[in-house]
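Input: a single structure, listed below in structure tokens.
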Amino acid sequence: MPKIGVYLCHCGENIAGAVNIEEVKKHAANLPGVAVVRDYLFICSDPGQDLIKQDIQAGLVNRVVVAACTPRTHEPIFRKTVQDGGLNKYICEMANIRDQGSWAHWRDKEGATEKAKKLVMSAVAKAALLEPLEDRFVNVTKASLVVGAGVAGMFAAMDLANMGYKVYLVDRNPSVGGNMAKLDKTFPTNDCSACILTPVMVQVGTHPNIELLTYSEVESVDGSIGNFKVKIRKKQTYVDWNTCTGCGECIEVCPKKVPNEFNEGMGTRKAIYIEFPQAVPKKAVVDGAHCINCGKRTIGTKPRLHSKTGEPVLAPCEKVCKIGACDRSVAYDPDGELVELEVGTIVVATGFKAMDKTPFKEYSPQSPNVVTALQLERLLSATGPTEGDLKRPSDETKPETVAFISCVGSRDKNHHTYCSKVCCMYMLKQARLIKEKNPGTNVFIFFIDVRAGGKDFEEYYSYCRDLGIRVIRGRVGAVDELAGDRLRVRAYDVDMGSAVELESDLVVLATAIEPAPGLEELGRRLGISCGAEGFLKEVHTKLYPVETAVRGIYIAGCVQGPKDIPDSISQARAASSAAAVPLTLGKVVVEPLISEINQENCSGCGICVPLCPYSAVAMTTVGDKPRAKIDEALCAGCGVCTAACPSRAIKLHGFTAEQIEAQIIALTAGIGGVSYV
Amino acid sequence: MSEWKPNIVVFACDWCTYQGADLAGSLRYEYPANVNIIRVPCTGRVEPEFIVSALSNGADGVFVGGCHPGDCHYKEGNYKAMRRFTLLKMVLTGMGFEAERVRMEWISGSEGKRFAEIMAEFNRTIEKIGPNPFRRDSNAG
């Protein structure tokens, strides 16, 4: 006999403010199978959970319905309560009367109350049919994959590696380092970015537990927590990285120049290149798309022999490579190599991309003297195209006036509605660097408002003001090109209440931080969805900021949303400890909410077999009859086979046809349909 | 009796639309309170019989919400659901049901606002076409 206990949560005022708890209580008490109905201010609190445990222990209830918030966050909590009380933990059902009740219908109190009654009725109907289930455990592969080797990914990898776990660190670029490697100095301490980052890059590159897979991308991810099977595509470098010493002689002789991505398109690199001088690993890559195959030395062909000397005719790059790492006779596969890995957990830290200036037609992006802030960062950096000497790109003269424009593409409904968070501070930093290098430069920053919330940030801002950096509150309407490569900035000064115009030699656009290209596709491969802004979604903004909807996959850094370096590193270290938990435990619980075939009812038709996305269903023979069989280890519990079975011989535990039918009947109760069952 | 309000049953997949509904609530986007959700792991779990059952029990509208194509947590459950739903809809319209009475949409976990808007719109549609002819209660007008 089901003895169902219904526990109604007030959630402070969250539920009780819209739902008439007394009415729902009275209604629930009359439902079939209900033995006890109680309400409490916070059922999830200790005394609240005790109510449930006491009733179970007193033998008053053998099934539990908690009408409270969403099961997505609280079901595990109440399952544990029920287990602690002495019942099987799967004998617990939640009615979501907060997130899908009082919160959504906070002005419609009558509607919220009626809905709560129905949702409780539906949960009670399902609870009466719940069955005890046993958890499954799977062993965990003690290795982790970190995708993205920027500052967040590197710290996550280092932490996991220092804990003793094998880490595969993947990056699509030839070197680790990410966007931070491009920065000159970092706020609020003005540390030189290279000075603090390159030692970390070296540590990552030499750590015995870290295997670097740079110039590689994630091709596919299968499996689940504990046992992910990942395929990594190592892109073709056309250089033997086992022997390449990174001497750079091939680069010297390469005649083909290509815009330098590391310098944000300013200056050039060669078609054979090392990403940047401090690259880790420091290995050369042939950019197949731009290589001009000097001496007709197409990759994978034998060199022709010189008509007079009879010596092989080689391309300059291979000629200078004494150790033969750059051998164009090798028949490299242009698709690179596919590496298969098995890992227990995954950390995703693919970072961001700063928006390009081209969409902002109003700011004269065609002018070389209009640069993005990341380009300015390269112009200020000692490793940049001007070796840190700030010159305006059009004629390499020192700019007398520099104007910064904030929120370019951020807080703008035409591009991104969110705040990119770091721009205010990095504009102040860049302005300060310019002022410190050339105190005579006039620096103006046009802000919507200055957001300097962070440790030591406000002090930094005040210091910049004292340096004579001019801060104008107002949005810039346009930048026009003038004679002599100068630019006119037209804006509205909110404090003066009037339009202002300014002539400048250099205009810097603080362009928005966007998800790295291809993040949506990567999210699909991982099974994680992106939020409306295109960043990967965490389970809960506050409580579970590094967890994702897929157990065993964690996120860190700008892949989750714009953030500065301290925040990225904090999050990376949080993600690494979260990712280490299953590795340390050695085995993880897998919910038993999977499908099972009743072979007595199975007709052996085989409809289910090709439908399973995990190839978990196969045909077998029972006696002399064909029957379907589900591999428990492979089944993920989607229920596609269950829904398709014409004999209803497949049961999806936790979501059985009887349970769902009971919910349907409960939700349509009292309206007099013609039940067909 | 009081004014008729549609009885709407929603099958929402746990990974997208159910999350979207939660998000609508936490952002306080309102939608009609006569929309009730049954949580399923995937739209691929939704048997056509469930939809028929809801209608024969008197539900005025039945809605199936899942992940956007390509985003299914179980890789392709939503595609399976789409195929079944298309066929079922043909059967239902053949039986005389209005095509608008059943609807399938892809609503992601981040589309709280969209969830609320679609529910409000679906409710208006059902209000326009009137009660389920299977309803025998006095409310059905």
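The values are calculated or read from the model by the stated rules, or taken from the named source; none is laboratory data. Worth saying up front: this structure is predicted, and the values here are computed from it rather than measured. Counting neighbours? That spans all protein chains shown, and the Cβs are built from the backbone with ideal geometry, glycine included. All accessible areas refer to the heavy atoms of the entire protein, side chains included, with ligands and DNA or RNA removed. Shrake-Rupley method; radii C 1.70, N 1.55, O 1.52, S 1.80 Å.
Could you grab the pairs with beta carbons closer than 8 Å, sequence gap of 6+ or different chains, first residue in the range A:608-632 and in contact (Cβ under 8 Å) with a residue 60 or more places away in the chain, second one in a strand (DSSP E or B)? Hits for this filter: A:E632/A:R136. Among residues that are at the interface with chain B (Cβ under 9 Å from one of its Cβ atoms), surrounded by fewer than 24 Cβ atoms within 10 Å (Cβ to Cβ) and not in a strand (DSSP E or B), A:T141 is not included. Among the residues of the range A:501-528, those that are under 24 Å from B:Y74 (Cα atoms) and in contact with a Leu (Cβ under 8 Å, 6 or more places away or on another chain) comprise A:L519, A:G523, A:I528.
Hey, can you tell me all the residues within the range A:434-446 that are among the hydrophobic types (A, V, I, L, M, F, W, C) and either modelled with pLDDT under 95 or open to solvent by 10 Å² or more (accessible area, probe 1.4 Å) (or both)? The one that is among the hydrophobic types (A, V, I, L, M, F, W, C) and either modelled with pLDDT under 95 or open to solvent by 10 Å² or more (accessible area, probe 1.4 Å) (or both): A:F444. If you check A:M154 against the conditions, is it at pLDDT 95 or above, assigned by TED's automatic domain parsing to the domain that holds A:T214, open to solvent by 10 Å² or more (accessible area, probe 1.4 Å) and within 30 Å of A:A572 (Cα to Cα)? Considered against the rule, which asks whether it is at pLDDT 95 or above, assigned by TED's automatic domain parsing to the domain that holds A:T214, open to solvent by 10 Å² or more (accessible area, probe 1.4 Å) and within 30 Å of A:A572 (Cα to Cα), A:M154 comes out as no.
With respect to the conditions (1) more than 9 Å from chain A (Cβ to nearest Cβ); (2) aliphatic (A, V, I, L, M); (3) touching a residue at least 12 places away in the same chain (Cβ under 8 Å), B:M95 lacks only one, and its number is (3). For the range B:16-66, filtered to residues that are touching a Gly at 6+ places or on another chain (Cβ under 8 Å) and among the aliphatic types (A, V, I, L, M), the residue that is nearest to A:C641 (Cα to Cα) is B:V40. For the range B:21-43, does any single residue satisfy the condition of being open to solvent by 30 Å² or more (accessible area, probe 1.4 Å), at positive phi, within 9 Å of another protein chain (Cβ to nearest Cβ) and in a loop (DSSP other than H, G, I, E, B)? Scanning the range B:21-43 turns up at least one residue that is open to solvent by 30 Å² or more (accessible area, probe 1.4 Å), at positive phi, within 9 Å of another protein chain (Cβ to nearest Cβ) and in a loop (DSSP other than H, G, I, E, B). Is it the case, given these coordinates, that A:A616 is crowded, with 19+ Cβ neighbours inside 10 Å, hydrophobic (A, V, I, L, M, F, W, C) and under 34 Å from the mean Cα position of the chain (by Cα)? So A:A616 fits the description; yes.
Only one entry of A:V539, A:V550 meets the criterion of being open to solvent by 10 Å² or more (accessible area, probe 1.4 Å), under 30 Å from A:R648 (Cα atoms), within 14 Å of another protein chain (Cβ to nearest Cβ) and among the β-branched types (V, I, T), and that entry is A:V550.
Just one of the listed residues (A:A315, A:A382) is farther than 30 Å from A:G586 by Cβ, touching a Gly at 6+ places or on another chain (Cβ under 7 Å) and surrounded by fewer than 13 Cβ atoms within 10 Å (Cβ to Cβ), namely A:A382. Looking only at residues of the range A:100-116 that are buried (at least 24 other Cβ atoms within 10 Å of the Cβ) and not aliphatic (A, V, I, L, M), we find that the one that is nearest to A:I15 (Cα to Cα) is A:S102.
Failed condition for A:A649, given (1) more than 14 Å from every other protein chain (Cβ to nearest Cβ); (2) surrounded by 15 or more Cβ atoms within 10 Å (Cβ to Cβ); (3) under 28 Å from B:I51 (Cβ atoms), with all others met? Only one criterion is unmet by A:A649, namely (1). Scoring B:D14 on the criteria (1) within 7 Å of chain A (Cβ to nearest Cβ); (2) of a type outside the set (S, T, Y); (3) under 25 Å from A:Y614 (Cβ atoms) leaves a single failure, condition (1). Annotation note: Cβ proximity below 7 Å between a residue of the range A:509-532 that is in the same structural domain as A:R551 (by TED's automatic domain parsing) and farther than 30 Å from A:A431 by Cβ and a residue that is assigned to a helix (DSSP H, G or I) and open to solvent by 30 Å² or more (accessible area, probe 1.4 Å) (sequence gap 6+ or interchain) occurs for A:C530/A:E520.
Within the range B:49-79, being in contact with a helix residue (DSSP H, G or I) (Cβ under 7 Å, 6 or more places away or on another chain), surrounded by fewer than 24 Cβ atoms within 10 Å (Cβ to Cβ) and within 8 Å of another protein chain (Cβ to nearest Cβ) holds for B:F50, B:S53, B:G70, B:D71.
Considered as a group, the residues in the range A:3-50 that are open to solvent by 40 Å² or more (accessible area, probe 1.4 Å) and in contact (Cβ under 8 Å) with a residue 40 or more places away in the chain include one that is nearest to A:N96 (Cα to Cα), and that residue is A:N14. A single entry from B:R103, B:R83, B:R114, B:R124 fulfils the requirement of being more than 7 Å from chain A (Cβ to nearest Cβ) and assigned to a strand (DSSP E or B): B:R103.
Yes or no, residue by residue, for (1) within 10 Å of chain B (Cβ to nearest Cβ); (2) among the small types (G, A, S):
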| position | (1), (2) |
| --- | --- |
| A:C605 | no, no |
| A:P613 | yes, no |
| A:T621 | no, no |
| A:C641 | yes, no |
| A:F655 | yes, no |
| A:A666 | yes, yes |
| A:A669 | yes, yes |
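Filtering the range A:77-89 for residues that are outside any loop (DSSP other than H, G, I, E, B), within 19 Å of B:S26 (Cα to Cα), charged (D, E, K, R) and open to solvent by 20 Å² or more (accessible area, probe 1.4 Å) leaves an empty set.
Being on the phi < 0 side of the Ramachandran plot and within 35 Å of the chain's Cα centre (by Cα) holds for only one residue in A:R488, A:R473, and it is A:R473.
Counting the residues of the range A:507-529 that are within 11 Å of chain B (Cβ to nearest Cβ) and farther than 30 Å from A:P365 by Cα gives 7. Could you please find all residues in the range A:51-63 being surrounded by 19 or more Cβ atoms within 10 Å (Cβ to Cβ) and touching a Ser or Thr at 6+ places or on another chain (Cβ under 8 Å)? Selection gives A:I52 alone. In the range A:302-311, the count of residues that are within 26 Å of A:K234 (Cα to Cα) and not in a loop (DSSP other than H, G, I, E, B) is zero. A:I469: in contact with a Ser or Thr (Cβ under 9 Å, 6 or more places away or on another chain), open to solvent by less than 50 Å² (accessible area, probe 1.4 Å) and at pLDDT 95 or above, yes or no? Considered against the rule, which asks whether it is in contact with a Ser or Thr (Cβ under 9 Å, 6 or more places away or on another chain), open to solvent by less than 50 Å² (accessible area, probe 1.4 Å) and at pLDDT 95 or above, A:I469 comes out as no. Residues in the range A:49-87 that are within 30 Å of A:E538 (Cα to Cα), in contact with a helix residue (DSSP H, G or I) (Cβ under 9 Å, 6 or more places away or on another chain) and either modelled with pLDDT of 95 or more or more than 14 Å from chain B (Cβ to nearest Cβ) (or both): 15 in all.
Can you tell which of A:E252, A:E219 is over 30 Å from A:Y463 (Cβ atoms), part of a helix (DSSP H, G or I) and either in contact with a Pro (Cβ under 8 Å, 6 or more places away or on another chain) or open to solvent by 60 Å² or more (accessible area, probe 1.4 Å) (or both)?
From the options A:E252, A:E219, the qualifying one is A:E252.
Residues in the range A:565-602 that are open to solvent by 70 Å² or more (accessible area, probe 1.4 Å) and farther than 20 Å from B:G44 by Cβ: A:S570, A:R573, A:V581, A:T584, A:L585, A:K587, A:E600, A:N601.
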